[in-house]
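The structure under discussion appears below in the form of structure tokens.
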Amino acid sequence: MIISGKELSAQLKSDMAQEVATFPEKYGRVPHLVVILVGDDPGSVSYVTGKAKASEVVGIKNTTIRKPENISEEELLEIIARLNADDTVDGILVQLPLPRHISEEKVIAAIDKSKDVDGFHPLNVAALWQKQECVLPCTPKGIIKMLKRAGVEISGKRAVVIGRSNIVGLPVAKLLLNENATVTIAHSRTKNLPEVTREAEILVVAIGRPKFVTADMVSEGAVVIDVGVNRDPETGKLCGDVDFAAIEPKASVITPVPGGVGPMTICCLMENTIECFLRKQQK
Ligand code: GUN
């Protein structure tokens, strides 16, 4: 079975749109998400455009602030401080990666925790690992939603995550653990990686290398979640970290690239923005 993140996210966005349509009457306004894009990397431009389009579908107000590559760290931090203080802004997202002269760590920590729709702020990360109320990072949250919608039982399963980034690998491992999977976190330097991945009943790959996972690394019937977004060096087309054509016949469930995890990430960003907005209304 191929799980279409595109289809599922369209359904979820349509449900959210209905909910958001009730907000003006209930709360006097709709949620407002501000996305900051520094520079003009085509990948980042495309992500940010996707976020603006999804906001439109859901009925969330989106403001995209575009700044040149050479913006100073100080100026970027000033923009964030202004947005933190603005009561009409519910979510702030700074598209990563940032140019090298800007500290991503400082920028992420500067965003008010209650507006951190990415769930990257250190206090949100700490809350996640301590099982306290937090904003869940969008990609891991989207993966768990997809698994549940596909009817995959997570509890009791052996899960292997390849990748240990703060954005995907580590938080998705934690969310799988919360669902009572037994989780191994592997990476590109894991010895005998195929031996480890063949143990996986659920395999999540977030390593950023085209066709890194080959058919010999996956056992029959495994659930395969491909978080990679790469260019195929041969065709120039978008492709995942998994050799889809070779693995699809072996997997019980697999996500395609494009149209798998990517749309779910954006969908969860919409959900997080609504969550931050509603938390503010309840204060
Ligand atoms: N760059 C790649 N993925 C993401 C994401 O989920 N959030 C942000 N802010 N930047 C990204």
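Coordinate-derived values only; no laboratory data. Values in this document were obtained by computation on a predicted structure and should not be read as measured data. As a convention, Cβ positions derive from the backbone with ideal geometry for all residues, glycine included, and neighbour counts pool all protein chains shown.
Before moving on, here are some points about what is shown:
- R0 of 30 Å, Cβ-Cβ distance ILE2-ASN180: FRET efficiency to nearest 0.05: 0.70
- The stretch between LYS283 and SER103 holds 61.6 nm of extra length on full extension. This uses 0.36 nm per residue minus the Cα-Cα distance.
- Estimated vicinal HN-Hα couplings, Hz - region 272-282 in sequence order (Karplus 6.51, -1.76, 1.60; Gly, Pro = x): 5, 5, 4, 4, 5, 4, 5, 4, 5, 5, 7
- Relative to the Cα centre, the charge distribution of region 1-127, modelled as +1 at Lys and Arg Cβ and -1 at Asp and Glu Cβ, gives a dipole magnitude of about 300 debye.
- FRET E, pair ASN166, THR22, Förster distance 35 Å, beta-carbon r, rounded to 0.05: 0.50
- At 0.890 mPa s and 25 °C, Stokes diffusion of region 192-281 via Kirkwood alpha-carbon radius, µm² per second: 174
- Taking amide H as placed 1.01 Å from N in the peptide plane, the amide H of ALA186 sits under 5 Å from that of VAL161, ILE162, GLY163, each at least 5 places away or on another chain.
- Comparing mean-square fluctuations of PRO31, PRO122, PRO171 from a GNM of the chain with C-alpha springs under 10 Å, the top value falls on PRO122.
- Taking only alpha carbon atoms, region 92-235 gives an Rg to Rh ratio of 0.99, where Rh is the Kirkwood radius.
- Of all DSSP beta bridges in region 180-283, antiparallel share, percent nearest 5: 20
- Which of VAL135, ALA206, ALA181, positive extreme of dipole for region 119-212 (C-beta unit charges): ALA206
- Relative to the 2.2 N^0.38 Å rule of thumb, region 137-186 has a C-alpha radius of gyration ratio of 1.02.
- Under Karplus coefficients 6.51, -1.76 and 1.60, residue-wise ³J(HN,Hα) of region 217-225 in Hz, glycine/proline x: 8, 10, 8, 4, x, 5, 9, 10, 10
- Among beta bridges from DSSP that stay inside the chain, the antiparallel ones total about 5%.
- As a length-normalised measure over Cα pairs under 8 Å and 6 or more apart, the relative contact order of region 124-283 settles at 21 percent.
- Extension gain for THR190 to SER155 (0.36 nm times residue separation, less C-alpha to C-alpha distance): 10.1 nm.
- Distances between placed amide hydrogens fall under 5 Å for ILE36 paired with ILE65, LEU93, VAL94, GLN95, all partners being 5 or more residues away or on another chain.
- Computed magnitude of the charge dipole of region 202-270 (debye, nearest 20; Cβ of K, R +1, Cβ of D, E -1): 180
- Relative contact order [Cα under 8 Å, 6+ residues apart], the chain, whole percent: 20
- Per-residue ³J(HN,Hα) for region 176-186, Karplus 6.51 cos²θ - 1.76 cosθ + 1.60, θ = phi - 60°, Hz, x for Gly and Pro: 5, 4, 4, 8, 6, 7, 9, 10, 10, 9, 10
- Computed log₁₀ I(q)/I(0) - Debye formula, equal Cα scatterers, no solvent, the chain, q 0.08, 0.09, 0.10 Å⁻¹: -0.34, -0.43, -0.53
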